[in-house]
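Just dropping this structure here.
The values are calculated or read from the model by the stated rules, or taken from the named source; none is laboratory data. Model, not experiment: these values are computed from the prediction. So basically every Cβ, Gly included, is an ideal-geometry build from the backbone, and we count neighbours across all protein chains shown.
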């Protein structure tokens, strides 16, 4: 069983909107799996000059597994290496979502003590993975939802901030 097998489409004719949205799969499954598998390595890649190539490779994997491409390319993704409450963080800003629950942005926060010069042993760091999602509104007013994923489950924190990086970081500071 491969990493993205759960995204594979069933054989035979299918409607264009059948299966997991590749935009959703990219933010909620592919990036999450990579980031939580090795959070420090993810932060290093996100801050490197190779970040766009990395994102492009992940987008290609998602397209292959979903049977169609995302609505955006790697060049339209913005990565913001930053800190949340003094913890290392990378905010991945995505193009505006089209569908409910797709992400405006995601953040990988690594809650480690950075006051020491010694990094933790590989495999001992636990990252946190947050999403700022397009929410549902009965009044058709724009709405965001702040959520967090671990390796298995999705936690919904309710109404999120405006979909901009500074507001997202401020909201994350209340949860880290």
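Considering each of 125, 84, 110 in turn, give the residue that is in contact (Cβ under 8 Å) with a residue 60 or more places away in the chain and either within 22 Å of residue 19 (Cα to Cα) or under 15 Å from the mean Cα position of the chain (by Cα) (or both). Break it down stepwise before answering.
On the way: 125 fails: either within 22 Å of residue 19 (Cα to Cα) or under 15 Å from the mean Cα position of the chain (by Cα) (or both); 84 fails: either within 22 Å of residue 19 (Cα to Cα) or under 15 Å from the mean Cα position of the chain (by Cα) (or both).
When all the criteria are applied, what remains is 110.
Here's another thing I want to ask about it. Tell me whether the range 132-141 contains one or more residues that are in contact (Cβ under 8 Å) with a residue 40 or more places away in the chain and either within 17 Å of residue 29 (Cα to Cα) or over 14 Å from the mean Cα position of the chain (by Cα) (or both). Can you show your working first?
Kept after step one, since they are in contact (Cβ under 8 Å) with a residue 40 or more places away in the chain, are these residues of the range 132-141: none.
No, the range 132-141 contains no residue that is in contact (Cβ under 8 Å) with a residue 40 or more places away in the chain and either within 17 Å of residue 29 (Cα to Cα) or over 14 Å from the mean Cα position of the chain (by Cα) (or both).
Using the structure shown, decide if residue 167 is at pLDDT 95 or above and in contact with a helix residue (DSSP H, G or I) (Cβ under 9 Å, 6 or more places away or on another chain). It would help to see each step written out before you state the result.
On the way: at pLDDT 95 or above: yes; in contact with a helix residue (DSSP H, G or I) (Cβ under 9 Å, 6 or more places away or on another chain): no.
No; evaluated as a whole, the condition is false for this residue.
Taking the residues in the range 41-57 that are surrounded by 18 or more Cβ atoms within 10 Å (Cβ to Cβ) and touching a residue at least 40 places away in the same chain (Cβ under 8 Å) as candidates, determine which candidate is farthest from residue 152 (Cα to Cα).
46
So residue 101 clears everything in (1) crowded, with 18+ Cβ neighbours inside 10 Å; (2) at negative phi except one condition, right? Which one?
The one condition residue 101 does not meet is (2).
Among the residues in the range 121-129, are any closer than 15 Å to residue 27 by Cα, crowded, with 18+ Cβ neighbours inside 10 Å, in contact with a strand residue (DSSP E or B) (Cβ under 8 Å, 6 or more places away or on another chain) and modelled with pLDDT of 95 or more? Walk me through how you get there before you give the answer.
Looking only at the range 121-129, we keep the residues that are closer than 15 Å to residue 27 by Cα, and these are 128-129.
Subset that is crowded, with 18+ Cβ neighbours inside 10 Å: 128-129.
Okay, now just the ones that are also in contact with a strand residue (DSSP E or B) (Cβ under 8 Å, 6 or more places away or on another chain), so 128-129.
Okay, now just the ones that are also modelled with pLDDT of 95 or more, so 128-129.
So far as the range 121-129 goes, yes, one or more of its residues are closer than 15 Å to residue 27 by Cα, crowded, with 18+ Cβ neighbours inside 10 Å, in contact with a strand residue (DSSP E or B) (Cβ under 8 Å, 6 or more places away or on another chain) and modelled with pLDDT of 95 or more.
Name the residue that is farthest from residue 94 (Cα to Cα), counting only residues in the range 157-176 that are part of a helix (DSSP H, G or I) and in contact with a strand residue (DSSP E or B) (Cβ under 8 Å, 6 or more places away or on another chain). Show your work before the answer.
In the first step, residues of the range 157-176 are kept if they are part of a helix (DSSP H, G or I); the result is 165-173.
Subsequent filtering for residues that are in contact with a strand residue (DSSP E or B) (Cβ under 8 Å, 6 or more places away or on another chain) retains 165, 168-169, 171-173.
Details: 165: 11, 168: 13, 169: 15, 171: 18, 172: 17, 173: 20 Å.
By that ranking, first place goes to 173.
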